[in-house]
Structure formats: structure tokens, C-alpha cells
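These notes concern the structure reproduced below.
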Amino acid sequence: MTCITAASFAAIGGLAGAAPSHADTAAYTQQTLHFAVTVGPNNDVKCDIVGDLYLPTGASSANPVPAILATNGFGGSKDDLAAEGKAFAGDGYAFLAYSGLGFGSADGLTPPTFTPGSGSTCQITLDDPDWDGKAGSQLVSYLGGAPGIAYLDSAHTQPAPALTAVTHKAHDHNGVAQQYDPVVGMIGGSYGGEIQFAVAEQDARVDTIVPMITWNDLNYSLDPNNTASTGSGVQTSTPGAAKLFWAAGFSAEGAIVDGIAGAQAQPSRLLPCPNFAAWVCPALANAVVTGALDSTSAANLHHASVASYVQNIKIPTLLMQGQNDTLFNLNEATATYQALKANHVPVKMIWHSWGHSHGTPAPGEMNLADLTPGQTYETDRVVAWFDHYLKGADTNLGPNFAYFRDWVSYSGNAAPAYATSNQFPVGGTNRYYLGTNALTSTAPLLSGSQTFLTTVAGLPTSTNPLDVLSAALPLPIPEIDLNGTSAQWNTAALSSPLTVVGSPVVHLSVSDPLAALTQGTGPIGQLVVFVRLQDVAPNGTASDIYGSIAPIRVPNVNAPFTVTMPGIVHQFAAGHTLRLIVAGGSTNYRGGTIPTTVTITGGAGQTLDLPTTP
């Protein structure tokens, strides 16, 4: 992959680490195959998918094994999953790793080079069920033994033998008996996480999924508005503030790297939007101009998100989400978890240390290249999950909810750093009131106000680390706001540690005479502000919590509103101060287009609710 993806997009292949697989290299075979699939809403677009089949030695029609299907993260390829394929094959699974539609043409060099037939054709459709979901469903058919799908060449002239070494089951999860129905699960991260929902939505033959660091609704992921949200903090309909650098990084990776390289074999991929579905380019242009997505683009993003079809997901799901992730934050997994719970789907959730903003797991946390029991906490959870749902083993599936605590010391397996609970949310709530410039546990009797400015054209007013580059370039930049561009409230120094697990909620009222006049003109005339929490050390050094920011496009400046911030797991140490900031701009987001003057007056109705645990 390119330097952009290696640093920031966290394809699941990056999770394997440097450790070798414990699997005996003689215990499996590997074969590269090409798959002829037909996709699209009208089932009239033909694509070639390239994949690698890892098969345990000795697996046959007389001795079948369960299967695992996986694809790459954004900008990656099947090659990113080689270590996982070998490890799971050594553990008795057929493992099919494939390059997603529009990916795999580049070889990872900078600048990338292209090998004909090395990548999957067609364009990037953001894991849309009508495209990527249907493609994955046809690979499920191949795993089930269906002929006429797999070939030895990209031109589909040399048919590969039908696969007969995968275990079959009597019926799918709708109770329907099908001829080509394998016992199969899916695993993957980011782009390779959402695809699992898309395939499961299309195909009741999928038995279980393990989605990691992925999205619930791409509208929230790329254009979040944390005041127009459900209880989980993920909004599904109203525009917010566009994430500039994540959008730019994805566009460059998909269009320039994979698009130009892949177009050598399929020139049509460059038109009308280079290597992306046609609607993506106009969506990006509109977001840059207005700072928000138009309704058509929002509908397309929603269609490519599990939020739009979660009612069709009925199979056991192990969700894993990153605490250090400014792309797909913890609220995304929370929303999916709550929806699946409401539908009575077997689901468990893990919040781990790593994510798109820091792709390296903590020691002893995750290494899918080595499935040796007891080595890493998350790996053990994954193996137990698959062994139970695919092999029928009586394994311990673990708690309903687990979260990593970076303040806990341990050695070896990271299990001691994980707190667990059989329910979510956990703990209680600490309420703080916004006074003149202080956060207090009792409502202030007398409160003053703070006034700050937002800038013209949404220019940044802070020095937050750049989203896409923060992991690759961890520069020691102070996280501050320019004078006059924010309002701040601070607690007194804490007498004991304060542990926060979940999404802080802020209740606010603001005064902005200009926005009150222009907000009826739509997003371009609405007030946009950014809410953050900081941990302030005794020496005055202030740090945002994992770069978490809650963008707000205020729906009505004449009425109170509620802000559901990105979820965090953080312990404020004794002697530290907790700071709440409402700012007029952010480095990583497109702010409001009209410069305004915002006033916030403290009082009983202005509160911060923190989800806390002992």
C-alpha cells in the first residue's frame, strides 16, 4: 500500500504484526484464483475479482472444513491478508482472501506500479450491498461448491475446479435449504469490516461476522453533526461538518493510486469519476464548497451503510472498534450494537486501543498471524467466536462488552488491561454545570457569559493534529485555540481519578444574532461550532482525548440543543483538570461559511454529563 494507507487507513493486514504464524507452512496450500461476478442494482455489470484460497492440507469432500471469507481495507489488497490466511488455514479453516472491487492493482510501492490481472476490476462503490455485497455473495457460492465462478486467469477462459472441501449445512439462516450453502464466517477491518454487513444483507448463507473498526453510517463518518443524532450519537439525516483530510486521503488513494494503476487494464474505471461510483466526485466538490453533503450524496452514503439495512442482519456479530480513531469513532459501533441488540441478534462488542488514528495494537492485544492460545486477548476472542459458530465447539465467547484501559500496567497478554461488563452502557453519570468559566457539580447561582468568533469560509482556529497524518507524523504540536475563537470551562483539580467510558453529552444554548437571520438559507447559513474535551495536567499542558471532536451544525440557534460527543475511554488522573471547549473552527473539518459572534451564558440548563465508572 502507499504511505497514506499504511499510516492511516489500517487495513486488517496491518494487524498481523511481525510475529510469524504458528501454523506449519506444510499444513496448507495456497492458490490464486479469478472470480467472474455480476453486480449492480440491475445485475448487469461484470467484474473480475482476484483472490487467494488458503486450504488446509487434507481438506477434501470426505474431510471438509469450515470457511472464512475476508477482503482488504481501503487501498489494500488480498496480499494484506496473507498472514491471516496461513494462520487460519493452519487452524483448520479454508480462508479466501480477495481484493475488493476497484482495489489491488497497485503493488504498494511509491509511486505504485501495476501488474496486469493483479487487482479486481470495476469501481469503488463504498461497500454498497448492490455492488460489493453481491460480489461477496457470489464468492460464498464458490465456497459452497458452485461451478462457473472461479477461473485460473483474469480473462475467465480457464475454469477452476469446483471447491468440494468446505463443510455444508442443511439450511441458511432463513431456514431455506440451498444447494451451495457453506459453513462460512467473515472477518476484516475498516472497508473490510463493512463489507461483512453488505454480504450478510444479501446472503442468508453467511453464518457469523467479525467487523472491526468500521462504520455504522458514512454520513456520520464523513460529515458528522453530533447534535442531530440518535441516542448512540450517530446522525442519519442532517448535514454536519465535512472531514477534510480523511476525505482527501481516501480520494487520492482510490482515484490516483488504485484508479490510474487499474485503468491500464480497464480504462473505463476513470470515467465519470476516477475509480469511484459516479456520484462520489460531485459529493466531494459540494462538501468542499458548502462544508456539508447534499441530500443525494447523503442518501447514497446511507445506502452504503449498515444503518440503512441493519434490520436484515440476523447472524451472530462480534464488533471490534477503536478508541484511537477519528475516522470511525466508538459511536459507530455503539449504534450498530444497540440496533442489533434491539433486533435480538447475538452480539458482543470490544473497544480496543488501536484504530485508524493509531493502527498498531497494544502489546498482547491482537495478532491474527499467530493463533496460539493465550498470546493476545482479541485473537483469543476471535478464535473462540469462530470455533463456536463455525466448528460447533463449546467455547467461552466472553463478556458482552469489554474495553481497553491504557492506564493499567500489565505484561504479556493484554487481558488485565480490559475491563468487562455484561451490559452496555456501564457505570453511572457525573453531571457538571457550565458557570462563567468553570465546570461545577452544583448549578451556579450567578453565571456570566463567554463570547467568541467563528472565521470566514470555515478556516481553522485550532492546532489539532491532522487526522490522516497524526499516526505517521506524531508532531508535538500544542493543542490550542487562537485567542477569541473559543469558550472554555474547567473543573477544579480532581481529588481522585475520574474514569470516563462512553459518550459525554453536552446540553447547550447559544446566542448568535447573525446565524439567527441566516440559518433559514440552509447549511451555508448555519452556525458551525466544535465541542472538545481536554485533559489538563498540573503543569498546564492540555491534550484532546484521542483527537475526539464533536462538530455541530446548530439546527436552531434560538433553541437549546444536545451534543452527543464521540465515545471515549479515559482516566483523568488525580490533580488533573477536565476542560470543555466550544470552538469556532477546527483543523480537520470544514467550518461554517459565515463569520459570526457566538455567546454562551452559563446556567442550570448548560450541562456536561460524563458516563463514569468506579
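Do the conditions hold for Ile545, that is, is it surrounded by 23 or more Cβ atoms within 10 Å (Cβ to Cβ), closer than 28 Å to Tyr418 by Cβ and of a type outside the set (S, T, N, Q)? Walk me through it before giving the result.
Numbers: surrounded by 23 or more Cβ atoms within 10 Å (Cβ to Cβ): no; closer than 28 Å to Tyr418 by Cβ: yes; of a type outside the set (S, T, N, Q): yes.
It is false that Ile545 is surrounded by 23 or more Cβ atoms within 10 Å (Cβ to Cβ), closer than 28 Å to Tyr418 by Cβ and of a type outside the set (S, T, N, Q).
Being under 22 Å from Thr587 (Cβ atoms) and buried (at least 22 other Cβ atoms within 10 Å of the Cβ): is that true of Val554 here? Steps first, answer last, please.
Values: under 22 Å from Thr587 (Cβ atoms): yes; buried (at least 22 other Cβ atoms within 10 Å of the Cβ): yes.
For Val554, the condition - under 22 Å from Thr587 (Cβ atoms) and buried (at least 22 other Cβ atoms within 10 Å of the Cβ) - is met.
I need the full set of residues from region 566-581 which are in contact with a strand residue (DSSP E or B) (Cβ under 7 Å, 6 or more places away or on another chain) and of a type in the set (Gly, Ala, Ser), in order please.
Step one: list which residues in region 566-581 are in contact with a strand residue (DSSP E or B) (Cβ under 7 Å, 6 or more places away or on another chain), which gives 566-572, 576-581.
Once the filter is applied, which keeps residues that are in contact with a strand residue (DSSP E or B) (Cβ under 7 Å, 6 or more places away or on another chain) and of a type in the set (Gly, Ala, Ser), region 566-581 yields only Gly567.
If we scan region 561-570, do we find a residue that is in contact (Cβ under 8 Å) with a residue 24 or more places away in the chain, in contact with a Pro (Cβ under 6 Å, 6 or more places away or on another chain) and of a type in the set (Phe, Trp, Tyr)?
Going through region 561-570, the residues in contact (Cβ under 8 Å) with a residue 24 or more places away in the chain turn out to be 561-570.
Now restrict to residues that are in contact with a Pro (Cβ under 6 Å, 6 or more places away or on another chain): 565.
Narrowing further to those that are of a type in the set (Phe, Trp, Tyr): none.
No; the residues of region 561-570 include none that is in contact (Cβ under 8 Å) with a residue 24 or more places away in the chain, in contact with a Pro (Cβ under 6 Å, 6 or more places away or on another chain) and of a type in the set (Phe, Trp, Tyr).
In region 280-320, what count of residues is obtained for those that are at pLDDT below 80 and assigned to a loop (DSSP other than H, G, I, E, B)?
1
For region 588-614, which residues satisfy the criterion of being in a loop (DSSP other than H, G, I, E, B) and more than 17 Å from Thr451 (Cα to Cα)?
Narrowing region 588-614 to residues in a loop (DSSP other than H, G, I, E, B): 588, 590-596, 602-606, 614.
Residues satisfying the conditions are Asn588, Arg590, Gly591, Thr593, Ala604, Gly605, Pro614.
Starting from region 333-345, keep only residues that are over 12 Å from Gln311 (Cβ atoms), then list their pairs with residues that are acidic (Asp, Glu) whose Cβ atoms are within a distance under 7 Å, requiring at least 6 positions of separation or different chains.
none
Scan Gly458, Gly435, Gly428 and give me the residue that is under 19 Å from Asp609 (Cα atoms), under 32 Å from the mean Cα position of the chain (by Cα) and in contact (Cβ under 8 Å) with a residue 60 or more places away in the chain.
Working: Gly458 fails: under 19 Å from Asp609 (Cα atoms); Gly435 fails: under 32 Å from the mean Cα position of the chain (by Cα).
After applying the criteria, what remains is Gly428.
What are the pairs with Cβ atoms under 8 angstrom where one residue, in region 64-88, is of a type in the set (Ser, Thr, Tyr) and the other, located anywhere, is surrounded by fewer than 24 Cβ atoms within 10 Å (Cβ to Cβ)? Sequence gap at least six, or different chains.
Here the result reads Ser77/Ser118, each pair linking region 64-88 to a residue that is surrounded by fewer than 24 Cβ atoms within 10 Å (Cβ to Cβ).
What number of residues within region 170-207 are among the hydroxyl-bearing types (Ser, Thr, Tyr) and surrounded by fewer than 24 Cβ atoms within 10 Å (Cβ to Cβ)?
Taking region 170-207 first, the residues among the hydroxyl-bearing types (Ser, Thr, Tyr) are 180, 190-191.
Narrowing the set further to residues that are surrounded by fewer than 24 Cβ atoms within 10 Å (Cβ to Cβ) leaves 180.
So the count comes out to 1.
Among the listed residues Ala97, Ala59, identify the single one that is assigned to a loop (DSSP other than H, G, I, E, B) and under 15 Å from Leu143 (Cβ atoms).
Details: Ala97 fails: assigned to a loop (DSSP other than H, G, I, E, B).
Result: Ala59 is the single residue among Ala97, Ala59 that is assigned to a loop (DSSP other than H, G, I, E, B) and under 15 Å from Leu143 (Cβ atoms).
So Ala393 clears everything in (1) outside the structural domain of Thr379 (by TED's automatic domain parsing); (2) among the hydrophobic types (A, V, I, L, M, F, W, C); (3) out of contact with any Gly (no Cβ under 8 Å at 6 or more places or on another chain); (4) farther than 23 Å from Pro504 by Cβ except one condition, right? Which one?
(1)
Are there any pairs with C-beta distances below 9 angstrom linking a residue in region 489-501 that is closer than 25 Å to Ser447 by Cβ to a residue that is small (Gly, Ala, Ser) and part of a strand (DSSP E or B), with the two at least 6 apart or on different chains, and if so which?
What qualifies is Trp489/Ala438; Asn490/Ala438; Thr491/Ala438; Ala492/Ala438.
Could you tell me which residue of region 77-123 is surrounded by the most Cβ atoms within 10 Å (Cβ to Cβ), considering only residues that are at pLDDT below 90 and aliphatic (A, V, I, L, M)?
My answer is Ala106.
How do the strands (runs of 3 or more DSSP E) wholly within region 336-439 filter down when requiring 1 or more residues that are under 30 Å from Asn490 (Cα atoms) and basic (Lys, Arg): which remain?
Numbers: elements: 347-352, 401-404, 418-421, 428-434.
Once the strands (runs of 3 or more DSSP E) in region 336-439 are filtered for at least 1 residues that are under 30 Å from Asn490 (Cα atoms) and basic (Lys, Arg), what remains is 428-434.
Considering only residues that are among the β-branched types (Val, Ile, Thr) and over 17 Å from Asp80 (Cα atoms), which ones fall in region 353-378? So that I can check it myself, show each step before the final result.
So in region 353-378, the residues among the β-branched types (Val, Ile, Thr) come out as 360, 372, 376.
Result: Thr372, Thr376.
Mind listing whichever residues of region 142-169 are free of Cβ contacts under 8 Å to residues at least 40 places away in the same chain and buried (at least 16 other Cβ atoms within 10 Å of the Cβ)?
Gly145, Ala146, Lys169 - these are the residues of region 142-169 that are free of Cβ contacts under 8 Å to residues at least 40 places away in the same chain and buried (at least 16 other Cβ atoms within 10 Å of the Cβ).
For region 581-614, enumerate the residues that are closer than 16 Å to Gln488 by Cα and among the β-branched types (Val, Ile, Thr).
Answer for region 581-614, where residues must be closer than 16 Å to Gln488 by Cα and among the β-branched types (Val, Ile, Thr): Ile581, Val582, Thr597, Val598, Thr599, Ile600, Thr601, Thr607.
Restricting attention to region 442-468, which residues are buried (at least 21 other Cβ atoms within 10 Å of the Cβ) and assigned to a strand (DSSP E or B)?
Hits for region 442-468 are Phe452, Ser462.
With respect to the numbered conditions (1) at pLDDT below 95; (2) more than 24 Å from Gly448 (Cα to Cα); (3) touching a Gly at 6+ places or on another chain (Cβ under 6 Å), which one is the sole condition not fulfilled by Gly585?
In the conditions (1) at pLDDT below 95; (2) more than 24 Å from Gly448 (Cα to Cα); (3) touching a Gly at 6+ places or on another chain (Cβ under 6 Å), Gly585 misses (2) alone.
Looking only at region 68-88, which residues are aliphatic (A, V, I, L, M) and not in a strand (DSSP E or B)? Before you say what the answer is, go through the steps one by one.
Step one: of region 68-88, the residues aliphatic (A, V, I, L, M) are 68-70, 81-83, 87.
Listed by number, the residues that qualify are Leu81, Ala82, Ala83, Ala87.
What is the residue count in region 188-228 for residues that are within 11 Å of the chain's Cα centre (by Cα) and of a type in the set (Asp, Glu)?
The qualifying residues number 2.
Only one of (1) surrounded by 24 or more Cβ atoms within 10 Å (Cβ to Cβ); (2) part of a loop (DSSP other than H, G, I, E, B) is not met by Leu578, so which one is it?
With (1) surrounded by 24 or more Cβ atoms within 10 Å (Cβ to Cβ); (2) part of a loop (DSSP other than H, G, I, E, B) applied to Leu578, the lone miss is (2).
Sort out which residues of region 523-567 are under 22 Å from Val288 (Cα atoms), over 20 Å from the mean Cα position of the chain (by Cα), outside any helix (DSSP H, G or I) and β-branched (Val, Ile, Thr), and write them in order of number.
Val528, Val529, Val531, Ile552, Val554 - these are the residues of region 523-567 that are under 22 Å from Val288 (Cα atoms), over 20 Å from the mean Cα position of the chain (by Cα), outside any helix (DSSP H, G or I) and β-branched (Val, Ile, Thr).
The values are calculated or read from the model by the stated rules, or taken from the named source; none is laboratory data. All values reported here derive from a predicted model rather than from experimental measurement. Ideal geometry is used to build each Cβ from the backbone, glycine not excepted, and the neighbour counts take in all protein chains shown.
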